[in-house]
1. Taking the mean number of other Cβ atoms within 10 Å as a proxy for protection, how do you rank 56-65, 31-40, 6-15 from highest to lowest?
2. Rounded to two decimals, what is the ratio between the C-alpha radius of gyration of region 3-72 and 2.2 N^0.38 Å?
3. Enumerate the amide H contacts of VAL14 below 5 Å, restricted to partners 5 or more residues apart or on another chain; note that Pro and chain-start residues carry no placed amide H.
4. I need the phi-derived Karplus couplings for region 29-40: 6.51 cos²θ - 1.76 cosθ + 1.60, θ = phi - 60°, integer Hz, Gly and Pro marked x.
Amino acid sequence: MKANECTVTLGEGVATIKRRGTRGTIVANVLGTVEANGVEVICLDRLVHGIFESELGGWQVSGAVTTLLARPIGPVPEKGTQNS
């Protein structure tokens, strides 16, 4: 499944993942957040990504037992532009 075919919504202590073309919604509790070296990482209490997925709704995903969502802090640069 393509990464842009789902949305990740963060609420008060929860993350909701909705995949396009499905009725179901995955809800996970947020265990904690860390901000370091310009990256925001959110730890969820369960796996919400598939084995071959590395991105969900603009977040990089990883983890074997729980899902870690990671993205750069601040504005996301447009594709095709570089910082000088």
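Every read-out reported here was derived from the displayed coordinates using simple, explicitly stated rules and does not represent laboratory data. In this text the structure is predicted, and so the values were computed from the model without any measurement. Glycine also receives a Cβ, built like all others from the backbone with ideal geometry; neighbour counts cover every protein chain displayed.
1. 56-65, 6-15, 31-40
2. Region 3-72 yields a ratio of 1.03.
3. Amide H to amide H, under 5 Å and 5 or more residues apart or across chains, VAL14 pairs with VAL30.
4. Each residue of region 29-40 in turn: 7, 8, 7, x, 10, 9, 10, 8, 6, x, 10, 9 Hz.
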